[in-house]
Amino acid sequence: MKDNLDDSRLDPADVYTGHRVKEAREKFRLTQEELANDVGVNPKHISRIETGHKRGSDMLIRKISEVTDEPLSFFYGDAPVPENATDDERLLLLTLRKGHPMISAYDAKNLEGYQIKGTAEYVTEGKLVDTFKAMVEKMFNGAASAKGALIVTPEKVIVTTPGPDNKREL
């Protein structure tokens with residue numbers, strides 16, 4: 001059987017993350033079916049992630065992290081993350097380092113969801129950051145401040161909604 005690390009059609013980051021999912025699952029002595037049940041997906045989905053043929057969503061990797069009691073950094077590499085980072089900040093930093101961020105939003109009025117896929121850059125200085133910091137301080141009456149800004153450049157926007165228009169690209 002051909003080693004996935006040698007398959008040029010697979011994203012090396014997906015292969016790495018998949019290998020780490022398998023390692024964590026086996027360390028916790030779970031079958032693919034047990035892990036799949038614990039995180040709410042089909043066992044085939046876990047199999048394809050483990051072989052690098054499918055990218056696990058960040059939320060799914062977070063669930064796997066919780067089930068296997070491994071930190072998120074275990075799945076995404078050894079990139080340093082500040083020790084005082086919250087789980088959400090840690091997930092954001094690791095997502096950005098993977099280079100494939102996705103932002104999800106939901107409109108409760110019309111039941112539409114939006115997935116924005118693209119590239120992102122975290123910046124801590126400049127006119128945009130100064131403007132953003134001022135907006136945050138004004139919005140929260142000085143009770144909160146921003147350390148930087150995330151600039152997202154959308155490559156694809158997908159609308160998820162009940163009905164025939166599900167997964168429509170804008």
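Quick notes on this structure:
- Gain in span if fully extended, THR119 to ASP69, counting 0.36 nm per residue against the direct Cα distance: 15.1 nm
- With all pairs of different C-alpha atoms in the average, the Kirkwood value for the hydrodynamic radius of the stretch 12-68 is 10.7 Å.
- Contour minus Cα-Cα distance for SER57 and ALA143 (0.36 nm per residue): 27.7 nm
Throughout, read-outs are computed from the coordinates displayed, never taken from laboratory work. The shown structure was predicted, so the numbers you read here are calculated from the model rather than taken from an experiment.
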